[in-house]
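One structure is given here, and the rest of the page talks about it.
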Amino acid sequence: MAVFLLASCGAKRKVLHGNRSHRGTPNMSIPTDASDARGKSVSGSGIDNYAAILGVSARDLNNKSLYSFIDKWLGSPHRLGGMQPSGIDCSGFVGILYREVYGKNLPRSSRDMSEHVKRKYERQLKEGDLVFFSFGGRNIDHVGVYLHNNKFVHVSTRRGVIISDIKDSWYYKYFVRAGTPKI
C-alpha cells in the first residue's frame with residue numbers, strides 16, 4: 001500500500017514508509033540519502049563523521065557551530081509550519097539555523113528567502129549558502145543549506161532533517177536557484 005506524503009515543503013511524492021527518526025541516538029550513522037554517501041561507515045568524532053559524509057577533510061569544516069547545530073536537529077521530523085525539534089519545516093529549519101549559527105534573521109518562507117540572496121552558480125557555492133528547489137511547479141517551495149561537495153542539509157518530509165546531494169536526480173531536476181543571503 002502506498003501513501004502520498006509531501007516530499008519537501010510543498011510537493012507530493014509517493015513513498016512506502018513513514019518517518020524514521022535518528023535524532024538523539026548515539027553512534028548512529030548520519031541520516032543521508034545522498035547516493036555517494038549511503039551506507040558509508042562513520043565513526044569517531046562528530047566532525048570526522050561529517051567530513052566522511054561530505055567527502056572532505058575534517059580540517060576543511062571550519063564552522064564547528066554549524067555542524068553542532070545540524071547534529072542537534074538531524075532526524076527531526078517534518079511538520080508544515082513547525083518550528084520545534086518535534087516537527088519542523090524547511091524554511092523554519094533554515095531560519096533557525098541562520099539565527100543561531102550566523103546571528104542573522106531570514107524571511108520565514110523559502111520563496112521570500114530566495115528573493116534575498118546574491119545569486120551564485122553551483123560551482124561558486126560555499127558552506128552556508130542557500131539552495132532552492134521548486135517541487136510543486138514554477139514557485140520555489142523548498143530550501144536547504146549548502147555544506148560541501150554538492151551536499152546540503154534540509155528537511156525532507158519523509159526523513160526529516162537529512163543531508164542530501166543536489167546532483168542526485170530527484171533533487172537536481174527541481175533545483176532552481178542558489179546564493180548567499182543579503183542580510
Mind listing whichever residues of region 165-183 are in contact (Cβ under 8 Å) with a residue 40 or more places away in the chain and among the basic types (K, R)? R177, K182
I'd like the full set of residues that are surrounded by 15 or more Cβ atoms within 10 Å (Cβ to Cβ), small (G, A, S) and either in a strand (DSSP E or B) or at pLDDT 80 or above (or both), limited to region 28-47. A34, G46
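Looking at I96, I162, I140, which one is in contact with a strand residue (DSSP E or B) (Cβ under 9 Å, 6 or more places away or on another chain), part of a strand (DSSP E or B) and in contact (Cβ under 8 Å) with a residue 12 or more places away in the chain? Reasoning before the result, please.
Details: I96 fails: part of a strand (DSSP E or B); I140 fails: part of a strand (DSSP E or B).
When all the criteria are applied, what remains is I162.
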Restrict the check to region 10-27 and report whether at least one residue is surrounded by fewer than 17 Cβ atoms within 10 Å (Cβ to Cβ), part of a loop (DSSP other than H, G, I, E, B) and modelled with pLDDT of 60 or more. no
Mind checking which residues of region 117-138 are modelled with pLDDT under 95 and either on the phi > 0 side of the Ramachandran plot or touching a Pro at 6+ places or on another chain (Cβ under 8 Å) (or both)? G137
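Within the bounds of region 139-151, is there any residue that is open to solvent by 20 Å² or more (accessible area, probe 1.4 Å), of a type outside the set (A, V, I, L, M), touching a Leu at 6+ places or on another chain (Cβ under 7 Å) and modelled with pLDDT of 95 or more? Break it down into steps so the answer makes sense when it comes.
Applying the first criterion (open to solvent by 20 Å² or more (accessible area, probe 1.4 Å)) to region 139-151 yields 139, 141, 148-150.
Next, from what is left, pick out any that are of a type outside the set (A, V, I, L, M): 139, 141, 148-150.
Add one more test, that the residue is touching a Leu at 6+ places or on another chain (Cβ under 7 Å), and what stays is 148-149.
This time we only want the ones that are modelled with pLDDT of 95 or more, so: 148-149.
Checked region 139-151: at least one residue is open to solvent by 20 Å² or more (accessible area, probe 1.4 Å), of a type outside the set (A, V, I, L, M), touching a Leu at 6+ places or on another chain (Cβ under 7 Å) and modelled with pLDDT of 95 or more.
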Filter pass, G95 being of a type outside the set (A, V, I, L, M, F, W, C) and modelled with pLDDT of 95 or more: yes
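Which one is farthest from N149 (Cα to Cα), of the residues in region 48-87 that are polar (S, T, N, Q) and surrounded by 17 or more Cβ atoms within 10 Å (Cβ to Cβ)? Steps first, answer last, please.
Step one: of region 48-87, the residues polar (S, T, N, Q) are 49, 57, 62-63, 65, 68, 76, 84, 86.
Then drop every residue that is not surrounded by 17 or more Cβ atoms within 10 Å (Cβ to Cβ), which leaves 49, 76.
On the way: N49: 15, S76: 23 Å.
The qualifying residue farthest from N149 (Cα to Cα) is S76.
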Can you pull out every residue in region 68-111 that is touching a helix residue (DSSP H, G or I) at 6+ places or on another chain (Cβ under 8 Å) and over 15 Å from V155 (Cα atoms)? S68, E100, V101, K104, N105, L106, P107
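For K118, indicate whether it is assigned to a loop (DSSP other than H, G, I, E, B) and open to solvent by 20 Å² or more (accessible area, probe 1.4 Å).
Details: assigned to a loop (DSSP other than H, G, I, E, B): no; open to solvent by 20 Å² or more (accessible area, probe 1.4 Å): yes.
For K118, the condition - assigned to a loop (DSSP other than H, G, I, E, B) and open to solvent by 20 Å² or more (accessible area, probe 1.4 Å) - is not met.
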Selection count, region 143-158, where residues are out of contact with any His (no Cβ under 8 Å at 6 or more places or on another chain) and either part of a loop (DSSP other than H, G, I, E, B) or farther than 22 Å from D60 by Cβ (or both): 4
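The values are calculated or read from the model by the stated rules, or taken from the named source; none is laboratory data. Computed from a predicted model, the values in this text were never measured in an experiment. Backbone-built Cβ (ideal geometry, glycine too); neighbour counts: all protein chains shown. When the accessible area is computed, the model is the full protein with side chains, heavy atoms only, and any ligands, DNA or RNA have been set aside. Shrake-Rupley method; radii C 1.70, N 1.55, O 1.52, S 1.80 Å.
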